[in-house]
Amino acid sequence: MLSNMTYPAKTVFFFSLYMFVLSLVLLVVPELLASLLGYTAESEIWIRVVGMFLLFLAFDYCASALEGMNRFFYLTVYTRASIIVFMTTFVLLGMLKPIFIALSLIDLSGAIWTFSALRAAKQHRKKASFHADAA
């Protein structure tokens with residue numbers, strides 16, 4: 001399965017695994033992260049709802065990686081990179097704790113990784129096309 005994937009697809013696939021794990025933690029044992037993030041037992045249902053949506057999104061990421069959907073990969077770069085902007089804004093407005101900025105660095109790192117893989121794949125295709133035209 002992994003051997004047939006492009007490098008950009010692998011980055012999205014591995015990010016989907018991170019999303020699966022995080023979503024299951026939020027769904028099954030939300031108290032593990034609740035105190036770290038500054039939430040109480042009363043907000044546990046909302047943590048589980050976020051976990052549910054993250055699980056659905058993880059399936060989308062996984063399926064797109066398995067299908068090699070490059071357009072979706074580009075979309076994930078923009079959306080994952082924007083998370084740090086939202087989290088920083090929410091922290092500055094006093095709506096979230098600063099830990100959310102640190103956590104959003106995971107998304108930013110994943111976006112940079114996928115973007116780098118997409119650029120490398122594009123350059124590889126250009127070189128291959130050039131060599132095919134030259135032959």
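Before moving on, here are some points about what is shown:
- The chain: most fluctuating residue of Val50, Val77, Val12 per GNM, C-alpha cutoff 10 Å: Val50
- Comparing Phe59, Phe20, Phe86 in a Gaussian network model of the chain (Cα springs below 10 Å), the most mobile by mean-square fluctuation is Phe86.
- Per-residue Karplus couplings for segment 61-69, computed as 6.51 cos²θ - 1.76 cosθ + 1.60 with θ equal to phi - 60°, are listed in order as 4, 4, 4, 5, 5, 5, 8, x, 7 Hz, Gly and Pro entered as x.
- Two-site label geometry, Val85 and Tyr39: point separation in nm, points 7 Å out along Cα→Cβ: 2.5
- For a straight C-alpha distance cut-off of 16 angstrom, the lysines reachable from Lys10 (same-chain residues fewer than eight places away being disregarded) are Lys122.
- Around the amide H of Leu96, modelled in the peptide plane, lie the amide H atoms of Val91, all under 5 Å away and 5 or more residues distant in sequence or on another chain.
- The fraction of accessible area contributed by carbon and sulfur in the chain is 72 percent, rounded to a whole number (1.4 Å probe; ligands and nucleic acids excluded).
- GNM on the chain, alpha-carbon springs under 10 angstrom: the most fluctuating residue among Phe13, Phe53, Phe73 is Phe53.
The values are calculated or read from the model by the stated rules, or taken from the named source; none is laboratory data. Because the structure is a prediction, the values reported are computed rather than measured. Every residue, glycine among them, receives a Cβ derived from its backbone with ideal geometry; neighbour counts consider all protein chains shown. What goes into the accessible areas is simple: the full protein's heavy atoms, side chains included, and nothing from ligands, DNA or RNA. Shrake-Rupley method; radii C 1.70, N 1.55, O 1.52, S 1.80 Å.
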